[in-house]
Amino acid sequence: MTAGVAASKSGPAWLVPLESLAQKRGGDDPGVVGGKAARLAWLVRHGFDVPEAVVLPAEAFEQSLRELPPGCEPRALLRAAQGRAGYARAAEARQQILGAPLPKGLTEELRAFWRAVGARSPWGLAVRSSATCEDGALVSMAGLAESVLGVRGEDALADAVRVVWASIASGRALAYLAAHGVRDVGMAVVVQRMVEARAAGVMFTRAPGPGGRAQADERIINAGPGLGAPVVNGVTTPDVLRVDARGRLLGSIVAHKERATVVGDAGVREIPVERPDEPSLSPTSVHALAEIAARLEKLEPVAWDVEFACDAERTWVVQARPATGHGFPEGGDAETVWSSVNVGEALPGVATPFTWSVAGAFSEAGFRSAFAALGCRVPSRARLVGNVHGRFYLNLTQFMRIAAQVPFLDPRTLVELGGGGGGDELAVQVQDVSRRGFYARLPLTATRLLREQLRLDEDVRAFESFAEKQWRAQSALDLAILPDDGVARRLRDIQALLERTGTVMLTTASSTLGSHLALNTMLERVAPLDAERLAQSLTSGIRDVESARPGIGIMHVAALARREPEARAAIERESTVGLDAIPDGATRRALHSFLELYGDRAVREAEVSTPRWKEDPRPVLRMLRAALRTEAREVDTTLARAKAHAEDEMARLLPRLSIVQQTVLRHLVARAQRSARLRERMRAWVTRVLGMLREAALDADRRLLRRDAELEADWKALVESGSSLASVHSVFLLTIDEVVATLRSPQGDLAPIVRSRRAELARDQARPDPPATFVGAPPPVVLPPSGGDVLRGLPASAGVVEGRARVVLREDDMDTLQPGEILVVHTTDVGWTPLFLVAAGVVTELGGPLSHAAVVAREFGVPTVVNVTGATRAIRTGDLVRVDGDRGMIERIR
């Protein structure tokens, strides 16, 4: 132990009071007490109110590690972090550390601290990580190391210390540190009295401005009742306040809060909130936070991320860190523009390791192949897809620098079509891109592209014939009779089929984009102010759109159920969860046929761990309940109306054009419709192949559980506890390479790896979604929507409609949608689109004019606006809103 810390100790041999660190010169050395403890000592030294705490220096961690195998040392783990065995090594080390002996004398000191401080603290203690590189200038480790709240009892305190120590042995944390050049790390621990919080949360002292840049004239405060952890981690929807430097309120969104997280004798728990629509913070607390922000920025003039807790008397600073210069996603830097708007529609939320291993490689290879087909050069080290808190994000800077090799491709136009932001910044970033290589390859590229487009229909038909045989072969195959190596081969065969499917789908998607750009370019010459709306209207009415078929099927089943009262009554009962409860008849037979055709569909269908409709038909039944509330109508009439609208637009436009222009326009419209139809067919095939992959993975899961008794015991414990993580089978917490390798040659214990990744998955799921588009690193606080009663997005389906809003955040709530309401959701994949025939209008936070959901909305003639930032927070169920699908505007009507 360093002399500085040793000399500062006036009492215990291990636990150092925070005040002692603050008073002793050099006592707040991050290399000794960790970044978090060092910052807390700095806060105490400058007079901020910080809850009483002691610090366990990193040397205690180091001494415990000496009793364990050398492979548990952070240096060894960091060396292996980016190798294939990195996660396995980390998981094994984590289990060893959780059982590590505490240094001599530490157990007694922890007991003494519990008796002196913990026992008189009604909410117990918080045990927080303080890694030696945590909250530093280069890395933050935000959300990677663990904290344990509401610790009560002497033995529980010792166990919590081990849990925090073990969090350093996380595959995600080690990979993050290794990528940032960290070669060694220690783990100190902060043991802190918990504040009896009436409200708590996080404050960002400089609001993110345009492009993610911080602006100093605003503070953003996210707060909720009770503990701040659910707000910081994004588990609850917080109140969001915008205040100026003096603490004056500039705007706010008060969330409806039914429960608050507190600490009691049973640990961390939830209790009902007496006033669910009242602000969590009092004006006094808001002013106190403004003063804290001003004092921090006077000491260090940077943006600060401040966690706070307010009791009955004052506002406490639980943690504070400068929020600049760290945490860039792998493959990016401070100038990189990241976006989830397009990829987030295909796979919203956190992806499991299995899905990441398949979809990540699939996306990278697919994009590279598509760019190569266009004649672009792709740098070998370019990372086009990034992992941001477990979510898929597209590296738009890298993406656009490659795309900019093609002349006349405007980054702003491409970004807007995809639904993203940052177009102006990207336009500046790609100014220096050379096009000489593209021109040199142009003759070969143009010939290849022309040949590819001419045979596109033939290629899709050939693929479908091949894929249909593969699909039928798996349907007839009993996977259970295969040996383990046979299942491994099947997984690889399906993965290869998925890659082939993706290649054809990207070809059709490129054709769709090119067709739309060509049509839009022509329309800008004849109708410059209305080109995008006209392009959307003229290409609607396709009729045979694969993505629209599930919605049409739902309405046909609903029509049959109206004629069978007993079947209708069974569907409308919320207790009905399967088809067995529906009496035999036309409705039940139609549902069976529906699931045979579309059973591989699901909400978040790109996530392989998601149960498909054929496994769990409850989402289908929920959508049927909503459909049965509508008046009986012919879906064919709805589709015909979209086609008639497209024909009317064409009839109004043609007289303004010459004969040559008319011919070109008709050709471009037909080509755009053909490309969109083929793209949607291929998107359906991606879903079917993912369903095949899921079937094989579930069979592998059963085999892994039979092999590993500890893995099976963990799984059964999850199921019995009713945890939401029980829906994620163990196999989906492994990569496809790990599953195949284990099936072919049984390796070491999988349980520690799965256990570690399940904890990481839960942590990622608890974090709030970062902004759909950001620059550099995702900001700690997401700005609430601005603009008062008017929200803006992108027009996706024409028409203007008014109605009551219905905000639906989970598929469990699909059947709450009433006919004529405006459906407001985060994002919509094909699994949501049957509801479009019930809703009067649709509003989404993600997506673009060419997204799958937008295509379906136009076919159904439902006014739709996409890419409306913060729509699910700014709009509440019951609000009267006007959806303008022509201009991309949402207006709340008071």
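Can you tell me which residue in the range 376-388 is nearest to Ser340 (Cα to Cα), limited to those that are part of a loop (DSSP other than H, G, I, E, B) and touching a Gly at 6+ places or on another chain (Cβ under 7 Å)? This residue is Arg383.
Against the conditions (1) open to solvent by 60 Å² or more (accessible area, probe 1.4 Å); (2) within 22 Å of Asp478 (Cβ to Cβ); (3) not aromatic (Phe, Trp, Tyr), Leu705 satisfies every one except (1). So, in the range 1-35, of the ones that are open to solvent by less than 20 Å² (accessible area, probe 1.4 Å) and at pLDDT below 85, which residue ends up nearest to the chain's Cα centre (by Cα)? Ranking the qualifying residues of the range 1-35, first place goes to Gly27.
Pick from the range 442-457 the residues that are polar (S, T, N, Q) and under 16 Å from Cys376 (Cα atoms): which of them is most open to solvent (accessible area, probe 1.4 Å)?
Thr447
Scanning the range 581-602 for residues that are open to solvent by 80 Å² or more (accessible area, probe 1.4 Å) and in contact with a Lys or Arg (Cβ under 9 Å, 6 or more places away or on another chain) yields Glu596, Leu597. When the range 329-375 is filtered for residues that are among the aliphatic types (A, V, I, L, M) and either modelled with pLDDT of 85 or more or outside any helix (DSSP H, G or I) (or both), the ones remaining, listed by number, are Ala334, Val337, Val341, Leu347, Val350, Ala351, Val358, Ala359, Leu374.
Contact annotation: residue pairs with Cβ atoms under 8 Å, 6 or more positions apart or on different chains, pairing a residue in the range 185-198 that is in contact (Cβ under 8 Å) with a residue 60 or more places away in the chain and over 11 Å from Val164 (Cα atoms) with a partner that is among the aromatic types (Phe, Trp, Tyr) and part of a loop (DSSP other than H, G, I, E, B), are Met194/Trp123; Val195/Trp123; Glu196/Trp123; Ala197/Trp123.
Residues of the range 604-637 that are surrounded by 19 or more Cβ atoms within 10 Å (Cβ to Cβ) and assigned to a helix (DSSP H, G or I): Pro619, Val620, Leu621, Arg622, Met623, Leu624, Arg625, Ala626, Ala627, Leu628. Take Ala91 and decide whether it is assigned to a loop (DSSP other than H, G, I, E, B), of a type in the set (A, V, I, L, M) and at pLDDT below 90. No, not satisfied. Taken residue by residue, the range 721-731 has at least one member that is out of contact with any strand residue (DSSP E or B) (no Cβ under 7 Å at 6 or more places or on another chain), part of a helix (DSSP H, G or I) and crowded, with 20+ Cβ neighbours inside 10 Å. Screening Ala772 with (1) over 30 Å from Ala531 (Cβ atoms); (2) at pLDDT below 85; (3) touching a strand residue (DSSP E or B) at 6+ places or on another chain (Cβ under 9 Å) gives one miss only, at (1). Residue count for the range 162-172 under the criterion of being open to solvent by less than 20 Å² (accessible area, probe 1.4 Å) and either closer than 20 Å to Pro57 by Cβ or in a strand (DSSP E or B) (or both): the result is 6.
Highlighted here are the strands (runs of 3 or more DSSP E) found entirely within the range 789-881 that include at least 3 residues which are of a type in the set (A, V, I, L, M) and open to solvent by 10 Å² or more (accessible area, probe 1.4 Å): 800-807. Of all residues in the range 431-452, exactly one satisfies the criterion of being in a helix (DSSP H, G or I), free of Cβ contacts under 8 Å to residues at least 60 places away in the same chain and among the polar types (S, T, N, Q), namely Thr447. Being of a type in the set (Gly, Ala, Ser), open to solvent by less than 30 Å² (accessible area, probe 1.4 Å), modelled with pLDDT of 85 or more and part of a helix (DSSP H, G or I) is a property that holds for Ala158.
Per-residue answers, yes or no, for (1) in contact with a strand residue (DSSP E or B) (Cβ under 7 Å, 6 or more places away or on another chain); (2) open to solvent by less than 40 Å² (accessible area, probe 1.4 Å); (3) closer than 21 Å to Pro238 by Cβ:
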| residue | (1), (2), (3) |
| --- | --- |
| Arg295 | no, no, no |
| Glu300 | yes, no, no |
| Cys310 | yes, yes, yes |
| Pro329 | yes, yes, no |
| Ser369 | no, no, no |
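When the residues of the range 732-762 are filtered to those that are surrounded by 20 or more Cβ atoms within 10 Å (Cβ to Cβ) and not in a helix (DSSP H, G or I), the one that is farthest from the chain's Cα centre (by Cα) is Leu750.
Could you please let me know if Leu704 is at pLDDT 90 or above and assigned to a strand (DSSP E or B)?
Here the answer is no, as Leu704 does not meet what is asked.
In summary, Pro70 fulfils each of the numbered conditions (1) open to solvent by 50 Å² or more (accessible area, probe 1.4 Å); (2) closer than 21 Å to Arg321 by Cβ; (3) out of contact with any Leu (no Cβ under 9 Å at 6 or more places or on another chain) with the single exception of condition (2). Pairing each residue of the range 148-174 that is within 11 Å of Met187 (Cα to Cα) and in contact (Cβ under 8 Å) with a residue 60 or more places away in the chain with any residue that is open to solvent by 40 Å² or more (accessible area, probe 1.4 Å) and in a helix (DSSP H, G or I), provided the two are 6+ apart or on different chains, yields C-beta distances under 6 Å for Arg162/Leu98; Ala166/Leu98.
When the criteria are applied in full, Ser510 fails the requirement of being in a helix (DSSP H, G or I), hydroxyl-bearing (Ser, Thr, Tyr), open to solvent by 20 Å² or more (accessible area, probe 1.4 Å) and within 30 Å of Arg703 (Cα to Cα). Report, by residue number, each residue of the range 96-134 that is at positive phi and open to solvent by 10 Å² or more (accessible area, probe 1.4 Å). Gly105, the sole residue that qualifies.
Filtering the range 454-472 to residues that are modelled with pLDDT of 90 or more and of a type in the set (A, V, I, L, M) leaves Val460, Ala462, Ala467.
The values are calculated or read from the model by the stated rules, or taken from the named source; none is laboratory data. Computed from a predicted model, the values in this text were never measured in an experiment. As a convention, Cβ positions derive from the backbone with ideal geometry for all residues, glycine included, and neighbour counts pool all protein chains shown. Note: accessible area is taken over every heavy atom of the protein model, side chains too, but ligands, DNA and RNA are not part of it. Shrake-Rupley method; radii C 1.70, N 1.55, O 1.52, S 1.80 Å.
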